[in-house]
Every structure is written in structure tokens, then in C-alpha cells.
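Right, one structure below, let's go through it.
What follows is calculated from the coordinates using simple rules that are stated; it is not laboratory data. Since we're looking at a predicted model, the values are computed, not measured. All Cβ positions, glycine included, derive from the backbone under ideal geometry; neighbour counts span all protein chains shown.
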Amino acid sequence: MIQDIAPHTFDNSFKQIKPSSKDFVLSFQGKTALTKSKEDFIQCPTFQDLSIDTKNAIYLFSIDDHPYFLVSDVPEQNGFTYQPLRPVTKSQPDYFGFAYATGFHLYDWYRNRIYCGRCQTKLQPGTTERSLVCPNCGVIEYPRIFPAVIIAVTHKDQILLAQYPHMKKQVLLAGFVEIGETLEETVAREVYEEVGLKVKNIRYYKSQPWGIVSDVLAGFYCELDSKKEIRLDTNELKCAYWISRDELRYGKENLDGSLTSEMIYQFKMDTYR
């Protein structure tokens, strides 16, 4: 998955450090990232690659003890251009893809948390932890993370696939955790709301940070506990259908770094239990 970058190591601990010439620069404009690419490979710029002011650079994290900084409004230069974020995060080397996804998570938080929601005073960076602090009323804002579930509903040798209106490919059911409910309760509720099915034996599989949309995803397998007839919520889904393991055309080439693709692949290989 996108976070699986071993043997490289990711360190997100808070530090107050200044950038050096060989440190990496992450810059975004909307949902595009500043990079240089050739086929499926990308290059993340360092400060020595760019002619920029380092005064407002924000330290984000390190990979293999190499710091990454967020710098806003970096102009395109020296072959580095703004390219669509999603393909960038799927490129090689994989640790750069993960760095761009996680960097975008923090970039999106910073750009949407400029003023205090209580008193409208401009927020200031925290000095002891990754936070934004209101100097007037003391409100503290932390990076926003939205918990959501990915759900593989199975019945004997079949799995339930769905297609959301904004997506071209078939995926698993998914939904956000609501107030006052457990992750397992979210699974049961989302399945019933979207396809009208009841489920049992809800089992946790894995989790994944998905910084592109500020999510943390928890994957679950569960089994059908009602009739197979699907009652589709057309406000949420374009279609949903059962498909057998033999009919499912899904191999390693379909693995795209997402929890969803890994869960479908594990079902196909019959190695998910």
C-alpha cells in the first residue's frame, strides 16, 4: 500500500528546524504537485534545485532522516512543473509518492485553517507540537483526519463490488464514521444504507492513511447475513453487484497502493481470512 515504503523509514515527529540546501521541497497548487517526471518515475526538488525564499518553509516530516518542507507558491522552474497529484502519488520511487500524499494532507490543512473559527483571529504555528494556535482566545487546531471504513462484503465465493458516480472503476463499499458509533457499527450501517444488506462476522483487516483526501481508512471483511437482493441507494451508488472469485479478473497489476485494491486482491487469492 502507499504507506509501505520499507526499507525506507518515515518520521512524523514534530521538529523546529531550518532547511538546508539538500532538503526536499513539497509545493502544491490546488490538487497539483511540483515535481519532475519521466515515465513512471518522479523527482522531488530540493532547495538547491529551486530559486526560492526559505523564510516561510514549514518542516513536515523526514524519510530516512531527509527532511521535507512545505513551501507555498513556488514558481515552475528548472524542469519542475505542477502535475496532477493522484498520478504523482502512484509513481516511483514509492517513498516520494507517499511523501507527496502526506505532504498534501498537511498543505490542505494549513490552507484551510488560517483564521480561528471562534474569534476570527489569525492562527499561529504551535511551538511544541504540530498545531495552529489562536493567540487571542487560545483555541488549538490539529491536523484534520477523517476516519472512514472500506468494506468487503462476501458470500461464499462471491464479493460485492460497487461503482460510485464519480469513479470509473468498481470498488468496495466505503463510508465515513459518524458520531457515537464504533467502526464495526459504521460497517453495518453503511452496507445497509447503500445496498440494503445486513452483515455479520465483521472482521478488521488493515488500516491506511490516505492523505489525498485527509482520511485514515480502516478495512473490514464481513459476511452476508440476509438475502442477496441488492436495494441500491442511487444517490450514493451507480451500481453494485456480486461477482464470484473465478469471474473476478484481478491480479497484481491492479494493485494501485490503495487499501481497496489490496482487499479485492486478497479475496481473489483467497488469502483474506
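Quick notes on this structure:
- Listed cross-link partners LYS228/LYS252; LYS38/LYS268; LYS228/LYS268; LYS169/LYS268; LYS90/LYS227; LYS169/LYS252 are compared with a 27 Å cut-off, the Cα-Cα value being larger for LYS228/LYS252; LYS38/LYS268; LYS90/LYS227.
- Note on region 109-168: with charges restricted to the Cβ of Lys and Arg (+1) and Asp and Glu (-1), its dipole about the Cα centre is near 200 debye.
- When you restrict to C-alpha pairs under 8 Å that are six or more residues apart and normalise by the size of the chain, the relative contact order lands at 16 percent.
- Backbone phi angles across region 232-245, fed through the Karplus curve with coefficients 6.51, -1.76 and 1.60 (θ = phi - 60°), yield HN-Hα couplings of 7, 7, 6, 6, 10, 10, 7, 6, 8, 7, 8, 9, 7, 4 Hz in residue order; Gly and Pro are listed as x.
- Here the calculated FRET efficiency for CYS239 and VAL213, from their Cβ-Cβ distance with R0 = 25 Å, stands at 0.65, rounded to the nearest 0.05.
- Listed residue (GLY138, TYR205, ASN12) projecting farthest to the positive dipole end of the chain, Cβ model: GLY138
- Three principal axis extents describe the C-alpha atoms of region 10-112; from largest down they are 35, 28, 27 Å.
- Our helix-only sum for the chain, with -39,500 (n - 2.57) per DSSP H run of n ≥ 4 divided by its residues, gives a mean residue ellipticity at 222 nm of -5500 deg cm²/dmol.
- Added length on full extension, which subtracts the Cα-Cα distance from 0.36 nm per residue, ARG86 to ASP40: 15.3 nm
- Between LYS228 and GLU185, the modelled label-to-label distance comes to 3.2 nm, taking each label 7 Å out from Cα in the direction of the beta carbon.
- Share, in percent, of DSSP beta bridges within the chain that are antiparallel, nearest 5: 75 percent
- Cα lying deepest toward the dipole's positive end in region 1-122, options SER72, GLY103, LEU85, charges on Cβ: SER72
- Full extension of the chain between GLU141 and ASP53 gives 29.0 nm of extra length, using 0.36 nm per residue less the Cα-Cα distance.
- Computed from the C-beta positions of PHE14 and ASN254, the FRET efficiency with R₀ = 51 Å rounds to 0.85.
- Peptides 186-194, 116-124 ranked from most to least packed, by the mean per-residue count of other Cβ atoms within 10 Å: 186-194, 116-124.
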